[in-house]
Amino acid sequence: MNYKIAVCDDSAPDRTFLSNLVKNWAQTHGHHVQLLEFVSAENFLFFYEEEKDFDILLLDIEMNGMDGVTMAKKIRRENQTVQIIFITGYSDYISEGYEVAALHYLMKPVKEEKLMDVLSRAAEKISRNEKVLYLEISGEMVILPVYQIRYAEVSGNYVTIHGLEDYTVKMALGNLEKELDERFYRMGRSFLVNLTSIRRVTKKQVFLDDHTVLPLPRGAYNGINRAIIQMR
């Protein structure tokens with residue numbers, strides 16, 4: 001699995017130590033991680049405005065400026081799926097973690113075995129809590145669970161995402177593809193389809209479970225069938 005993980009701590013040695021443990025965990029369990037380090041809560045939140053697709057946050061509580069709990073509360077206002085793990089040298093803050101549904105508190109100095117266990121628990125929860133897309137439409141933020149997407153199609157500079165509702169956003173289909181996961185298959189230049197929504201494939205068409213029929217590009221028949229078999 002792929003995970004986007006942030007380590008936020010105003011201590012450089014602690015950031016390096018935690019990052020190395022995360023890399024060890026990923027290597028041990030066969031995961032791929034995109035790991036980013038942040039020196040403060042403010043630094044993270046500035047970055048978060050543009051990229052909200054984090055899966056796991058390792059947050060120091062006692063930081064200069066904004067503390068980790070306050071930062072977590074800001075994130076929870078719009079994101080209920082990201083897994084938050086607090087790192088602290090004091091037990092006084094534990095009760096505050098309930099407000100932000102923190103997965104766990106780890107006391108400093110962090111023990112590798114304990115962090116490995118907590119990261120694995122986070123991964124299990126992520127597999128249950130479906131990843132979501134954040135779409136800005138008409139000045140509003142729409143949170144769209146990925147599993148609800150049946151397919152997406154491009155028209156000019158716009159992509160229409162078909163889920164329980166249809167959402168049209170100005171973006172490249174390739175950029176949307178990067179935000180999705182292995183459930184989605186690229187059909188030529190025009191379509192991304194959720195493999196779990198496919199009910200039948202012919203040489204020229206793909207039939208979805210909602211009776212939508214999509215054109216299958218020439219030469220794509222074998223590739224999409226292999227992808228379906230590997231998925232299921």
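The values are calculated or read from the model by the stated rules, or taken from the named source; none is laboratory data. The structure presented is a predicted model; accordingly, all values stated were derived computationally and were not measured. For neighbour counting, all protein chains shown are included, and Cβ atoms are generated from backbone atoms with ideal geometry for every residue, glycine included. We work out accessible area using only protein heavy atoms, side chains counted, and drop any ligands, DNA or RNA first. Shrake-Rupley method; radii C 1.70, N 1.55, O 1.52, S 1.80 Å.
Numerical summary
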{"item": "Residues of segment 183-216 classified as closer than 13 Å to residue 153 by Cβ and without any contact (Cβ under 8 Å) to a residue 40 or more places away in the chain, total", "result": "9"}
{"item": "Residue list for segment 134-146, restricted to those being surrounded by 14 or more Cβ atoms within 10 Å (Cβ to Cβ) and over 19 Å from the mean Cα position of the chain (by Cα)", "result": "none"}
{"item": "Any hit, segment 1-13, residues being open to solvent by 30 Å² or more (accessible area, probe 1.4 Å), within 17 Å of the chain's Cα centre (by Cα) and not charged (D, E, K, R)", "result": "yes"}
{"item": "Evaluation of residue 229 against (1) farther than 30 Å from residue 82 by Cβ; (2) in contact with a Gly (Cβ under 8 Å, 6 or more places away or on another chain); (3) not charged (D, E, K, R) (one fails), failing number", "result": "(2)"}
{"item": "Complete set of residues in segment 108-133 that are open to solvent by 70 Å² or more (accessible area, probe 1.4 Å) and polar (S, T, N, Q)", "result": "127"}
{"item": "Residue in segment 62-81 that is buried (at least 17 other Cβ atoms within 10 Å of the Cβ), under 17 Å from residue 118 (Cα atoms) and at pLDDT below 95 present", "result": "no"}
{"item": "Pick from segment 201-231, criterion part of a strand (DSSP E or B) and touching a Leu at 6+ places or on another chain (Cβ under 9 Å), ranking: surrounded by the fewest Cβ atoms within 10 Å (Cβ to Cβ)", "result": "205"}
{"item": "In segment 147-183, residue farthest from the chain's Cα centre (by Cα) [restricted to those that are part of a helix (DSSP H, G or I) and crowded, with 17+ Cβ neighbours inside 10 Å]", "result": "173"}
{"item": "Output for segment 88-102, where each listed residue is open to solvent by less than 80 Å² (accessible area, probe 1.4 Å) and either under 18 Å from residue 77 (Cβ atoms) or at pLDDT 90 or above (or both)", "result": "96, 97, 100, 101, 102"}
{"item": "Some residue of segment 23-36 being of a type in the set (Phe, Trp, Tyr), surrounded by 15 or more Cβ atoms within 10 Å (Cβ to Cβ) and under 25 Å from residue 176 (Cα atoms)", "result": "no"}
{"item": "Among residues of segment 12-52, those that are among the hydroxyl-bearing types (Ser, Thr, Tyr) and either in contact with a helix residue (DSSP H, G or I) (Cβ under 9 Å, 6 or more places away or on another chain) or within 20 Å of residue 73 (Cβ to Cβ) (or both), counted", "result": "3"}
{"item": "Strands (runs of 3 or more DSSP E) completely within segment 1-78 that count 1 or more residues being over 16 Å from residue 125 (Cβ atoms), in contact with a Ser or Thr (Cβ under 9 Å, 6 or more places away or on another chain) and among the charged types (D, E, K, R)", "result": "32-38, 56-60"}
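Yes or no, residue by residue, for (1) at pLDDT below 90; (2) under 21 Å from residue 53 (Cα atoms); (3) in contact with a Ser or Thr (Cβ under 7 Å, 6 or more places away or on another chain):
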site: 163; (1), (2), (3): no, yes, no
site: 169; (1), (2), (3): no, yes, no
site: 175; (1), (2), (3): no, yes, no
site: 217; (1), (2), (3): no, no, no
site: 230; (1), (2), (3): yes, no, no
